[in-house]
Amino acid sequence: MATEKTLNDLFLDTLKDIYYAEKQILKALPKMARAAQSEEGKAGFLQHRDETQAQIERLEQVFEMIGKPARGKTCEAIQGIIAEADEIIEEFKGSVALDAGLISSAQAVEHYEIARYGTLIAWAKQLGHKDAIPLLQATLAEEVATDKKLTQIAESSANAKGKRAA
Ligand SMILES: [Fe+2]
Ligand SMILES: [Fe+2]
């Protein structure tokens with residue numbers, strides 16, 4: 001019964017949500033790397049793909065710590081963000097604005113992840129899942145660093161390039 005649910009259930013549901021999301025992101029990043037025009041963009045997406053693989057493994061450790069099987073739960077939010085990225089790849093293919101668009105999609109992904117990990121860390125603290133906290137914090141730090149790097153690529157080159165006609 002819904003009224004019997006607690007923060008524990010929310011924690012597990014949200015863990016499943018981000019586990020599903022990370023797996024979708026793992027599949028999307030090589031596609032974004034292939035689409036990116038700049039070498040810096042390509043390298044950035046591929047590096048974050050490797051980080052994402054390690055993040056998935058950290059989540060599996062967290063599932064193990066709380067004694068639950070590692071299972072994803074369909075996350076429509078990430079599906080929507082990735083669908084928008086696909087749309088940009090399709091609609092801006094060959095245009096000078098493609099990389100600026102790809103970066104904007106990637107930043108939407110990072111902000112979703114930052115929101116999720118921030119919440120999971122707060123709830124892990126509340127629930128006394130002490131061993132999970134450093135794992136979740138390590139991933140959050142990578143997501144924040146990725147977001148900053150994307151801003152830097154956008155501001156140093158992709159946005160200006162996007163203004164010019166091909
Ligand atoms: Fe991630
Ligand atoms: Fe990320």
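The values are calculated or read from the model by the stated rules, or taken from the named source; none is laboratory data. Worth saying up front: this structure is predicted, and the values here are computed from it rather than measured. Neighbour counts are summed over all protein chains in view; Cβ atoms, including those assigned to glycine, are modelled from backbone coordinates with ideal geometry. Quick note on the areas: whole protein, heavy atoms, side chains included, nothing else; ligands and nucleic acids left out. Shrake-Rupley method; radii C 1.70, N 1.55, O 1.52, S 1.80 Å.
Laid out as a table, the results:
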{"read-out": "Isotropic mean projected area of the C-alpha convex hull, region 7-163 (nm²)", "value": "8.4 nm²"}
{"read-out": "Protein accessible area in region 69-166, 1.4 Å probe - carbon and sulfur %", "value": "55 percent"}
{"read-out": "Cα gyration tensor shape of region 42-82, rounded if a/c is under 1.5, else prolate or oblate by comparing a/b with b/c", "value": "oblate"}
{"read-out": "Label point distance in nm, Gln37-Ala83, each placed 7 Å from Cα along Cα→Cβ", "value": "2.8 nm"}
{"read-out": "Residues Gln107 and Leu12, FRET efficiency given R0 of 30 Å [Cβ-Cβ distance, rounded to 0.05]", "value": "0.60"}
{"read-out": "Where region 7-163 is the region considered: accessible area per residue in Å², 1.4 Å probe", "value": "50 Å²"}
{"read-out": "Dipole magnitude of region 7-163, debye to nearest 20 (Cβ charges: Lys/Arg +1, Asp/Glu -1, about Cα centre)", "value": "120 debye"}
{"read-out": "Label-to-label distance, nm, for residues given as Asn159 and Ile66 (7 Å Cα→Cβ offset)", "value": "3.8 nm"}
